[in-house]
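J.: So that we are looking at the same thing, I have put the structure below in structure tokens.
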Amino acid sequence: MLIWKKGAAAFRVLVGSLLVGLLTPLGMADPSGFNFDALPKTKLEVPSAETNMTVPKLPAVRLSKAPKIDGVLESPEWAESVKAGPLKDRFTGQVPRDQTFVYIGYDEKNLYVGWKCFDAEPSKIVGREVMPNSRFAGEDIVTLDLNTFGTKSWDQLSEFIVNSLGTQTERIAGGRAGKREWRGDWQAKTKIDADGWTCEMAIPWTMLNYPAKEKFTMDLNFIRRQGRSLQEQSWSNIRPNPLPELLGDFEGVEPPKAPKPRVQTLAYSAAEVNQGVFQNRVGVDARYPFTNALNGLISIAPDFRNVEDVVAPIDFIRTERFLGENRPFFNEGDRFFRLSDSFSLGNMFYTRRIGAFDVGSKVYGQLSPKLAMGALYTNTLDGQKSTVLNLRSSETATQTYNVYTTSNYNQGIQNTSHGASFKDRYDTIGVALDLATEQSTGTEWDSAGSFSVSYTRPTTFVVARYIWVEPTFSPDLAFIPWQNRRGGYVFGSYQREYRSGPWRDFGFNVNVNDFRTYEGDIQQQGYNVSTFISDKKDRSLSIGRARSTFFGSLDETTSVVAGVNVTNRFKQLNLAYTWGTLQDQPAKFYSLNGSYRLRPNFDVAFNYALQELGGTNRQTVLTTLYQVSRDELLTSRTVINDGDSNTYFAYRKAGLKGAEYYFIYGDPNAPRTQSRFSIKVVWAF
């Protein structure tokens, strides 16, 4: 409590010195004649998003004539559409100076959205990425959020994002593989003019999963982020930490009848010469929509060897390290296979527990607007056989239930787990419960679980969680970082944004924990605190302090992380330094990473890390990327771990429709450089 009081006092002093701001609207007019001069001139001193708890509504309008998607937002072609706006600042709840208006309508083929983004300084509009499905850090973007099932759930939300250059990124609800024939093809065009920039979108109904009803209401939101300020505007959910139940309503949608289901197929051939030995691997994926909201997938001999894996960092960690997943089979519909809260007992399905397999299948999607499912089966013909089944019910916007089972058979041993979870939130108070059991052939059932209570406000989040994991609880397909563990932690965070002065945002996190073994010994006990601040010159600074004991040994460290151009990967640099004690030994960790655009379409990125702990470990990762065209890319990566070096080169022509081609020299995931050349071709049918 003493730490918390001192931290809170220091925070109040700092925030008190930073809370200044005045924003004066400019006189501009949108195509429908909105009078910007009539807006009140409001001081933006404290966040008022707390009062924006209403759900806005728009009537769905069917257009008799489709607008031309050319980036030119002309009034006649959007005259029948319905208008939303002006959007509001997500942190303050006020209408900003650079206002945004949105127009939306639909016909039998597409959903159409037009954006008018005013900007008093159009020469400072930021657009960098031209590769589809890029991340648009620090750029001017517009985002359409859409949940066609109207359940006010993040799990069923799709996002369509466009930057000011017209580059498109989409995140389809549930996850979808990268091939354009499977993801679907939509249109977006943009134009920068003297008033700011405009964007027009056309999203085909065939890309969207939606209920089999003649008329329904969809969840909807329009979001704009300004690149130079990183400030977000929103039509609904006008608060710093959005809530799903505050998504807006798009009422009375009458969609076309879903197209007749058909099988979609991706086939590949990967011929390679490795150490003088020739082989040709072939495989096929087939996808079938059982309904407009439920999909099936079969994968035979998938190619995982040419998928670039995540490079595991070398910084010290006391548990197994959790790594992300890049393999398309597991990313397809991945949201339907999230069985437990990763911040509780662990991840009850960790896809990396399944290696290369011969045959895999999965069924995922919505059985009804409230009931979702994910079922997965993989079979390595001479070994591992794995099964996952998950059912999730979203009873209300805040309340979800989850039940699941996993099974893994390997070398004559069957391991099975069952589990359930429950989440709900009552205004600002949330509760969550995770329960799981596990058994292997010839052993007793073991159990684990967690219970938490959380408190959520626009700028503040606090959670207290109790966790128990029995000593031999070890599901084959799960990531359980700790066993023989019971105890809990309290985590709190606060974040603040500024609309005037030199600072962009400020925040801090506090975590206090106490865990014991089932025998009563201290397993982990301590705290960590961190604070961060960034300014409007795109620089950031983070400072952290951590102190914990683990079975009597001490970890006590201080960390500093500084960055420049933190939202611009074309000239970015970050430096991290941690020093102190780990496992009762002196320890230091250094990390320097950055990325830079040397010339148009040619980027380099590097990461150097050094760990001093009872010896010295070094890691260097160097990546180069040359973008030949929208769908052509030359890349290379070199990974050096304590003298072992692996380099590979690749050319790909992919990302759009039609056949895809990959030429690879080396092995992306080998510990050392391989004399290997592979040619891979992917066809869509």
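The values are calculated or read from the model by the stated rules, or taken from the named source; none is laboratory data. Since this is a predicted model, take the numbers as computed values, not measurements. Note that we place each Cβ from the backbone using ideal geometry, even for glycine, and neighbour counts take in every protein chain shown.
J.: If you scan the range 325-362, which residues turn out to be in contact (Cβ under 8 Å) with a residue 40 or more places away in the chain and hydrophobic (A, V, I, L, M, F, W, C)?
T.: Within the range 325-362, F329, F336, F337, L339, F343, L345, M348, F349, I354, A356, F357, V359 meet the criteria.
J.: Among all residue pairs at least 6 apart or on different chains, which show Cβ distances below 8 Å where the first residue, located in the range 265-294, is in contact (Cβ under 8 Å) with a residue 24 or more places away in the chain and at positive phi and the second is of a type in the set (D, E, K, R) and outside any loop (DSSP other than H, G, I, E, B)?
T.: So the pair list comes out as Q275/R676.
J.: Has the range 222-236 got at least one residue that is under 25 Å from the mean Cα position of the chain (by Cα), closer than 22 Å to F337 by Cβ, acidic (D, E) and buried (at least 19 other Cβ atoms within 10 Å of the Cβ)?
T.: So far as the range 222-236 goes, no, none of its residues is under 25 Å from the mean Cα position of the chain (by Cα), closer than 22 Å to F337 by Cβ, acidic (D, E) and buried (at least 19 other Cβ atoms within 10 Å of the Cβ).
J.: In the range 101-139, how many are farther than 26 Å from V564 by Cα and either β-branched (V, I, T) or in contact with a helix residue (DSSP H, G or I) (Cβ under 6 Å, 6 or more places away or on another chain) (or both)?
T.: Here the count works out to 5.
J.: Given the structure, is V20 over 30 Å from K152 (Cβ atoms), of a type in the set (A, V, I, L, M) and either in a loop (DSSP other than H, G, I, E, B) or modelled with pLDDT of 70 or more (or both)?
T.: So V20 fits the description; yes.
J.: Restricting attention to the range 117-133, report how many residues are part of a strand (DSSP E or B) and surrounded by fewer than 23 Cβ atoms within 10 Å (Cβ to Cβ).
T.: The total comes to 1.
J.: Can you work out which of the residues in the range 296-324 that are assigned to a strand (DSSP E or B) and touching a helix residue (DSSP H, G or I) at 6+ places or on another chain (Cβ under 8 Å) is nearest to Y210 (Cα to Cα)?
T.: The selected residue is L297.
J.: For the list (1) crowded, with 17+ Cβ neighbours inside 10 Å; (2) of a type outside the set (D, E, K, R); (3) not in a strand (DSSP E or B), I need the number of the one condition that G383 fails.
T.: Of (1) crowded, with 17+ Cβ neighbours inside 10 Å; (2) of a type outside the set (D, E, K, R); (3) not in a strand (DSSP E or B), only one is false for G383: (1).
J.: Additional query: Pull up the range 619-669, narrow it to residues that are within 25 Å of N274 (Cβ to Cβ) and of a type in the set (F, W, Y), then point me to the one that is surrounded by the most Cβ atoms within 10 Å (Cβ to Cβ).
T.: This residue is Y648.
J.: Also: Quick one: in the range 65-90, which of the residues that are of a type in the set (D, E, K, R) and outside any loop (DSSP other than H, G, I, E, B) is modelled with the lowest pLDDT?
T.: Within the range 65-90, the match that is modelled with the lowest pLDDT is E77.
J.: Just one of (1) more than 26 Å from the chain's Cα centre (by Cα); (2) among the hydrophobic types (A, V, I, L, M, F, W, C); (3) within 30 Å of Q231 (Cα to Cα) trips up I429, so point out which.
T.: Looking at each condition in turn, I429 falls short on (1).
J.: So, one more: Looking at the range 308-324, which of its residues are touching a residue at least 60 places away in the same chain (Cβ under 8 Å), among the β-branched types (V, I, T) and within 17 Å of N607 (Cα to Cα)?
T.: Passing the criteria: V311, I314.
J.: Across the range 270-295, which residue is modelled with the highest pLDDT among those that are in a loop (DSSP other than H, G, I, E, B) and either in contact with a Lys or Arg (Cβ under 8 Å, 6 or more places away or on another chain) or closer than 30 Å to L371 by Cα (or both)?
T.: Initial filter on the range 270-295 (in a loop (DSSP other than H, G, I, E, B)): 275-276, 290-293.
Within this subset, residues satisfying the condition of being either in contact with a Lys or Arg (Cβ under 8 Å, 6 or more places away or on another chain) or closer than 30 Å to L371 by Cα (or both) are 275, 290-293.
On the way: Q275: 84, F290: 88, T291: 82, N292: 77, A293: 82.
Only one residue fits best here, namely F290.
J.: What strands (runs of 3 or more DSSP E) completely inside the range 572-685 contain at least 3 residues that are more than 30 Å from G544 (Cα to Cα) and out of contact with any helix residue (DSSP H, G or I) (no Cβ under 8 Å at 6 or more places or on another chain)?
T.: 585-599, 616-629, 632-641, 644-653, 660-665, 676-684
J.: Residue by residue through the range 203-224, note down the ones that are over 16 Å from E254 (Cβ atoms) and in a loop (DSSP other than H, G, I, E, B).
T.: N209
J.: In the range 453-489, which residues are aromatic (F, W, Y) and either in a strand (DSSP E or B) or more than 20 Å from E438 (Cα to Cα) (or both)?
T.: Of everything in the range 453-489, those that are aromatic (F, W, Y) and either in a strand (DSSP E or B) or more than 20 Å from E438 (Cα to Cα) (or both) turn out to be Y455, F461, Y466, W468, F479, Y489.
J.: I would also like to ask the following. Yes or no: F357 touching a helix residue (DSSP H, G or I) at 6+ places or on another chain (Cβ under 6 Å), at pLDDT 90 or above and over 30 Å from F216 (Cβ atoms)?
T.: no
J.: Can I ask one more? Going by the structure shown, is T549 assigned to a strand (DSSP E or B), free of Cβ contacts under 8 Å to residues at least 24 places away in the same chain and of a type outside the set (G, A, S)?
T.: Criteria not met by T549.
J.: So how many residues does the range 206-262 have that are charged (D, E, K, R) and under 16 Å from Y106 (Cα atoms)? Let's see the steps before the verdict.
T.: Taking the range 206-262 as the starting set, the residues that turn out to be charged (D, E, K, R) are 213-215, 219, 224-225, 228, 232, 239, 245, 249, 251, 254, 257, 260, 262.
After this cut, where a residue has to be under 16 Å from Y106 (Cα atoms) as well, the list is 214-215, 219, 249, 251, 254, 257.
Residues in the range 206-262 being charged (D, E, K, R) and under 16 Å from Y106 (Cα atoms): 7 in total.
J.: With loosely packed, with under 15 Cβ neighbours inside 10 Å and at negative phi as the only criterion, which of S591, S553, S548, S540 stands out?
T.: Checking each option against the conditions leaves just S553.
J.: More than 30 Å from N295 (Cβ to Cβ) and over 18 Å from the mean Cα position of the chain (by Cα): which single residue out of V113, V130 fits that description?
T.: V130
J.: Give me the residue from the range 155-169 that is crowded, with 24+ Cβ neighbours inside 10 Å and farther than 30 Å from P369 by Cα and, out of that set, farthest from the chain's Cα centre (by Cα).
T.: That would be S164.
J.: Would you check if there is a residue in the range 204-213 being of a type in the set (G, A, S), farther than 18 Å from F336 by Cα and without any contact (Cβ under 8 Å) to a residue 60 or more places away in the chain?
T.: Checking the range 204-213: not a single residue is of a type in the set (G, A, S), farther than 18 Å from F336 by Cα and without any contact (Cβ under 8 Å) to a residue 60 or more places away in the chain.
J.: How many residues are under 28 Å from the mean Cα position of the chain (by Cα), farther than 15 Å from F532 by Cβ and not in a strand (DSSP E or B) if we restrict to the range 490-511?
T.: Residues meeting the conditions: 1.
J.: Shifting gears a bit: Test T143 against the stated conditions and say whether it is of a type in the set (S, T, Y), in contact with a strand residue (DSSP E or B) (Cβ under 9 Å, 6 or more places away or on another chain), under 21 Å from D107 (Cα atoms) and not in a loop (DSSP other than H, G, I, E, B).
T.: yes
J.: For the structure I just gave you, tell me whether S447 is surrounded by fewer than 19 Cβ atoms within 10 Å (Cβ to Cβ) and assigned to a loop (DSSP other than H, G, I, E, B).
T.: No.
J.: State yes or no: is D476 touching a residue at least 60 places away in the same chain (Cβ under 8 Å), under 23 Å from the mean Cα position of the chain (by Cα) and crowded, with 21+ Cβ neighbours inside 10 Å?
T.: On the way: touching a residue at least 60 places away in the same chain (Cβ under 8 Å): yes; under 23 Å from the mean Cα position of the chain (by Cα): no; crowded, with 21+ Cβ neighbours inside 10 Å: yes.
Considered against the rule, which asks whether it is touching a residue at least 60 places away in the same chain (Cβ under 8 Å), under 23 Å from the mean Cα position of the chain (by Cα) and crowded, with 21+ Cβ neighbours inside 10 Å, D476 comes out as no.
J.: Continuing with this model, one more query. Residues of the range 244-269 being part of a strand (DSSP E or B) and surrounded by 17 or more Cβ atoms within 10 Å (Cβ to Cβ), which ones?
T.: G248, D249, F250, V253, Q264, L266, Y268
J.: May I ask you to list the residues in the range 194-210 that are surrounded by fewer than 19 Cβ atoms within 10 Å (Cβ to Cβ), in contact with a strand residue (DSSP E or B) (Cβ under 9 Å, 6 or more places away or on another chain) and either under 30 Å from R262 (Cα atoms) or of a type in the set (A, V, I, L, M, F, W, C) (or both)?
T.: Scanning the range 194-210 gives P204, M207.
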